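Taken together, the values in this text are just the output of simple stated rules run on the coordinates, not laboratory data. Every value quoted in this text rests on a predicted model; they were computed, and no experiment measured them. For neighbour counting, all protein chains shown are included, and Cβ atoms are generated from backbone atoms with ideal geometry for every residue, glycine included.
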Amino acid sequence: MNIQQISSTPFTDQKPGTSGLRKKVDVFKQAHYLENFVQCIFNSLGDSDKDILIIGGDGRFYNRQAIQVILKMAVASGFRKILVGQSGLVSTPAMSAQIRKYKATGGIILSASHNPGGPDGDFGIKFNTQNGGPAPEKLTDQIYQNTLTIDQYQIIEAADIDLDQLGTTPMGNAEVEVIDTVADYADFMQHLFDFERIKTLFRTGAFQMSFDAMHAITGPYAKELFERRLGAMVGTVMNAEPLEDFGGGHPDPNMVHAHELVEQMFGPKAPDFGAASDGDGDRNMILGRHCYVTPSDSLAVMAANLHHIPGYRNGLSGVARSMPTSQAVDRVAEVMGVHCYETPTGWKFFGNLLDSKKINLCGEESFGSGSDHIREKDGLWAVLFWLDLIAVKQQSVAEIMQDHWRRFGRHYYSRHDYEEVDKTRAEELMSTLKARQSELAGQAINGYKITACDDFSYTDPVDNSCSENQGLRFLFEDGSRIVYRLSGTGTVGATLRVYLERYEPNSEQHQLDTQQTLALLIKIAEQLARIKEFTGREQPSVIT
Ligand code: G1P
Ligand code: ZN
């Protein structure tokens, strides 16, 4: 095999963020940029570990080109076998499942998740380890250190692989196999949920569903699951064809970006159930007829009902949520007598808790939920969970929510994002606010007393690793919270996220409008952080 050693010099901006390395396509297209980062991933692995590698992405622009490069580098670096998704496509949850199934060394996912794609959009690369989950911070730190000193990478000279053709081809000393992950993933789901029960929902045609794949990765998986295996009407899955630019849209399943679905679900002939997923298939949004379920509430409902799902007959063993996620699931955990862990933002922090069986369910406010079945969040899994639950309860989504709130109280919750603001000013906002925290503790703002505030830090109970500066928290006397963080996934300027939460135990107050209910907290959030002054923005760019 003809291995070429290519000289290179470091790039200083290859520090992985909340979820891998994300940059504009143009940045990735610079000579050696992708290669450097990939080599640094390989260099962080021991030679004897290089056995099976899986490669795939969400199909965005530059996916195919990047895969051809990574294949040749993986062969040069000594992998024995490389599996690659057909047409270069593998959803993030399917990747996690495949790594676990094949006991692979790891997987490389090419995605910038919910960020827009196309030549002017974003690209990204993420390494998942042999448990199927995102590389832990220890490893991403090491990869980053490698990127600062790299002086060469290895690649073999070989013809490109036909990514559309299933089958095995030799490449150098390795074998490359193009695989279809859709059937495998669907089989896996069939094993976790009661498909016969769900089928009865669709059988008479009375129950209608709409799933928006947003021209991203879940289209083929969703068609197989909902339309072929579960008997939902053809056309249930909309925007099903994965496109390199996601049809010009922003593949983020929320009320703003999944507007086509939202219009249907709140329109006159709304289906019973609606859902959407993101670019790489790990996020989900759940809607009922004229009803939206916040991701935090969705997690709480799942926790309260896990025992109804065949794959989880023994019920909830423990649960975790990211710190900014609402405390709705904490209430459920309390009632069920299990522990609720509070972790920093990002799925990688759930890995150890899942591996050590401390939890079997976890989620984030950012439209992510998942379980111990894999080590990533899983959009379609969450949709199937809700379908199975609707079939068990024979209730509408709105009724399920009302019952839940009656039992546990309601956590009004919203996130306000200020996107693409000036980075320096955003950092100043955070540092100014942090510096004032000790003076603010105990004070009343607008008659609302701050009982505690801090900069969240987390010590992993399994490996004792410590993660600091994970978000500024303000806790109020009635249990309300305001949290401020800067995003770790954006590619332009900075994004300030403000998370607002208010608990309402009284069920007579459970039908109120969320933004109105949070109005006072929203005002306080502005007063505390002087958002307008630092960001120059009158309003958030996205409210979820
Ligand atoms: C965002 C979400 C976070 C999620 C991540 C990857 O990260 O807030 O919960 O894990 O995307 O999907 P952020 O941009 O806030 O750092
Ligand atoms: Zn995603």
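Full extension of the segment from E157 to E175, taken as 0.36 nm per residue of separation minus the current Cα-Cα distance, would add 5.0 nm. In terms of other Cβ atoms within 10 Å, M1, M336, M285 run from fewest to most in the order M1, M336, M285. Could you work out the local net charge near P271, counting Lys and Arg as +1, Asp and Glu as -1, over the other residues with Cβ closer than 15 Å to its Cβ? Surrounding charge for P271 is -3.
Per 20 Å bin, what percent of the C-alpha pairs of the chain does each bin hold, from zero upward? In order of increasing distance, the bins hold 22, 56, 21, 1 percent.
Dipole magnitude for the chain: computed about the Cα centre from +1 point charges on Lys and Arg Cβ and -1 point charges on Asp and Glu Cβ, it is near 820 debye.
Relative to the Cα centre, the charge distribution of the range 1-152, modelled as +1 at Lys and Arg Cβ and -1 at Asp and Glu Cβ, gives a dipole magnitude of about 440 debye.
Since only V90, H114, N36 are under comparison, the one whose Cα sits farthest along the positive direction of the charge dipole of the range 30-134, derived from C-beta charges on Lys, Arg, Asp and Glu, is V90.
For the range 309-384, a/c is less than 1.5, where a ≥ b ≥ c are the root eigenvalues of the C-alpha gyration tensor. That puts it in the rounded class.
Placing unit charges on each Cβ (+1 for Lys and Arg, -1 for Asp and Glu) gives the range 122-226 a dipole about its Cα centre, and among H215, P170, T140 the Cα reaching farthest toward its positive end belongs to H215.
Each Lys and Arg contributes +1 and each Asp and Glu -1, all at the Cβ; summed about the Cα centre of the range 257-375, the dipole is approximately 340 debye. From helices alone, the chain scores -9500 deg cm²/dmol at 222 nm; the rule is -39500 (n - 2.57) for each run of n ≥ 4 DSSP H residues, then divide by the residue total. Residues within the reach of a label modelled at T432 (point 7 angstrom out along Cα to beta-carbon, backbone nitrogen below 17 Å), restricted to the range 467-492, are 472, 484-486.
Across the range 309-456, the mean sequence separation of Cα contacts (distance under 8 Å, 6 or more residues apart), normalised by length, yields a relative contact order of 18 percent.
What shape does the range 178-259 have by the C-alpha gyration tensor, where a ≥ b ≥ c are the square roots of the eigenvalues, rounded means a/c under 1.5, and otherwise prolate means a/b greater than b/c and oblate the rest? It is oblate, given that a/c is not under 1.5 and a/b is not larger than b/c. Farthest toward the positive end of the dipole of the range 142-283, out of T204, S277, M255, is the Cα of T204, where the dipole comes from beta carbon charges about the Cα centre. One Cα centroid belongs to the range 388-446, the other to the range 8-26; the line between them spans 30 Å.
Placing R0 at 60 angstrom, the Cβ-Cβ distance between L440 and R203 gives a FRET efficiency of 0.55 after rounding to 0.05. Taking every DSSP beta bridge that has both ends in the range 160-306, the antiparallel portion is near 70%. Applying 1/(1 + (r/R0)^6) with R0 = 25 Å to the Cβ-Cβ distance of C466 and K357 gives a FRET efficiency near 0.65. Sites listed here are trypsin sites (Lys or Arg not before Pro) in the range 39-130 whose DSSP assignment is loop and whose Cβ has at most 10 other Cβ atoms within 10 Å: K103.
Between the C-alpha center of the range 223-261 and that of the range 463-488 there is a gap of 34 Å. Each Cα pair under 8 Å and six or more residues apart adds its sequence gap; the mean of these over the residue count of the range 386-512 is a relative contact order of 31 percent. Listed by chain and number, the aspartates and glutamates placed with their C-alpha closer than 18 angstrom to that of K358 are D330, E334, E342, D372, E376, D460, D463; residues fewer than eight positions away on the same chain are left out. For E399 and R80, what does the FRET efficiency come to when R0 = 60 Å and r is the distance between their Cβ atoms, rounded to the nearest 0.05? Calculated value: 0.70.
Note on the range 421-478: Kirkwood hydrodynamic radius from all Cα pairs is 13.0 Å, rounded to one decimal. Over the C-alpha atoms of the range 368-419, the Rg to Rh ratio, Rh being the Kirkwood estimate, stands at 1.06. Restricting the calculation to Cα atoms, the range 304-348 yields a radius of gyration followed by a Dmax of 11.2, 30 Å. Which residues in the range 414-438 place their backbone N less than 16 Å from a point set 7 Å from the Cα of D454 along the Cα-to-Cβ direction? 434-435, 437-438, by backbone N distance to the label point.
Candidate cross-link partners of K434 among the lysines, defined by an alpha-carbon separation under 18 Å and a same-chain spacing of 8 or more, comprise K423, K449, K532. Entry note, the range 232-349: relative contact order of 15 percent, from Cα contacts under 8 Å with a spacing of 6+ residues.
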